[in-house]
Ligand code: NAD
């Protein structure tokens, strides 16, 4: 990138200057990155800033032919990349990691421009994204098979982990950089080549990241990025192509189901990180300060637009009023505004549809008898939504079963641990759950019985590069992060060899 953030220091309106800086960066990102080169597509599509509704960039609108060209490149590069040494793959990822950290400000500016999230959160996302690259640089040289003697004693069982082959990586808009690296870094470390398909709402930071990968020396075709408004058509063509061997998807459960159906036709390896409906359970014995602090993290990170964000607060009767009042005070004090303004806690939601959905779910809860405890202020503007706290939310309110994906906290009360557990598990999803209690026994029981892929005990944040992130039930298949994450990109071959 040609500009540095130093150029915006010292101006009278720093937020406007930061946004201008982001616009300059965005203007450089027009082409798709296919087959190791930057290519213009036949048409382009607009990217908008959710804070203003203004068009901030136009990028390549790749079609099926572009998608297949990217897959051809991934296929052509597959044998050579598979034959690269683990140390070579690790070295490439280390160079990418270093470059991402050096370019943190520019990458963060692009994230803020296209998602609306605050610069503070965007900076955090860049480091979190780079952490995945670093983790898998280190993991690339630690891929193990095993060896054992067959029960019959006449031969040895030797297993070898092999890359699955060319992968399609489809990512969502809410964490646009970290969701790419959480997939791409283990794929590269495993020896796979990849076609990345970022969300159409947020293509910019992925294109900027592709430059970093290119500059770090990734061989031609190992990574391609196809930006497109025709995700269904383009991805269907790739999924039907026999050269593709794996699809990894993060997004909604509805799209995940469709991709699973299509993948089934060709028995593709799949990883699916889908929607959530996380319960946040607070027991009477909880430390109130800690409960509210962790609730704020679980609810308000990314303005509630997180798959592991707390969707339902289940609070025991004895602490419920105090918890609702304190959470209300905190949420009402949230400063909402442009993500480029360093004094702001929360930016806009991603688009008007997201705002409309949150308003529908809030109105539905209020009509069914919920009580509004607190509401913050938000600026005028179609994508801004004032944070809201509701309590006495009845079990039949739609917000209890649908992912709100917004800064709306829905509180219901319970009386016994058994009731809390039953209600926590009463969802088709099973991504994350949270338990706040001072009792170790209760924490252990709840963690063991909650039907979700992840449980936070006295913590509102579970994500870590070293942990296996993923869900049960309709929240998905497979895990990302930790040693488990690289296994998603490896096939285990077993070789029978004569006994020693
Ligand atoms: P989405 O399903 O609409 O889109 C996700 C991605 O899929 C985008 O890149 C989109 O272009 C693409 N897509 C859409 N239709 C497609 C099709 N027919 N074929 C191929 N690709 C298609 O989801 P979203 O609104 O971008 O993201 C929000 C959802 O993602 C929420 O449900 C959230 O819970 C989930 N999410 C899950 C995780 C996780 O790790 N489990 C992480 C972040 C977000």
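Every number here is computed from the coordinates shown, using simple stated rules; none is lab data. Worth saying up front: this structure is predicted, and the values here are computed from it rather than measured. Methodologically, a virtual Cβ is constructed for each residue, glycine included, from the backbone with ideal geometry; neighbour enumeration extends over all protein chains shown.
General remarks:
- FRET efficiency for the residue 257 to residue 366 pair, using the beta carbon distance and R₀ = 25 Å, is estimated at 0.20.
- Full-extension gain in nm, residue 87 to residue 24, via 0.36 nm per residue minus C-alpha separation: 19.0 nm
- Spin-label proximity, residue 422 to the stretch 432-455 - amide N less than 17 Å from point 7 Å beyond Cα toward beta carbon: 446, 449-451
- A full extension of the chain between residue 240 and residue 402 corresponds to an added length of 55.2 nm, given 0.36 nm per residue minus the alpha carbon distance.
- Counting every other Cβ atom within 10 Å of each residue's Cβ, 492, 179 order from fewest to most as 492, 179.
- The peptide list 88-98, 151-161, put in order of mean Cβ contacts within 10 Å with the highest first, becomes 88-98, 151-161.
- Ranking of 429, 144 by count of other Cβ atoms within 10 Å, fewest first: 144, 429
- Of the peptides 353-360, 290-297, the ranking by mean beta-carbon count within 10 Å, highest at the top, reads 290-297, 353-360.
- In the chain, helical runs assigned H by DSSP with n ≥ 4 each contribute -39500 (n - 2.57); averaged across all residues and rounded to the nearest 500, the mean residue ellipticity at 222 nm is -13000 deg cm²/dmol.
- Computed on the chain, with alpha-carbon pairs under 8 angstrom and 6+ residues apart, the relative contact order is 17 percent.
- With coordinates expressed along the principal axes, the C-alpha atoms belonging to the chain extend over 67, 67, 39 Å, beginning with the largest.
- Using the Cβ-Cβ distance between residue 444 and residue 467 with R0 set to 22 Å, the FRET efficiency from 1/(1 + (r/R0)^6) comes to roughly 0.75.
- Peptides 435-446, 189-200, 371-382 ordered by average Cβ neighbours within 10 Å, highest first: 189-200, 435-446, 371-382
- Relative contact order of the stretch 278-464, pairs being alpha-carbon contacts under 8 Å that are 6 or more residues apart, as %: 29
- Extent of the stretch 262-316 along its three principal axes (Cα atoms, max minus min coordinate, largest first): 52, 22, 14 Å.
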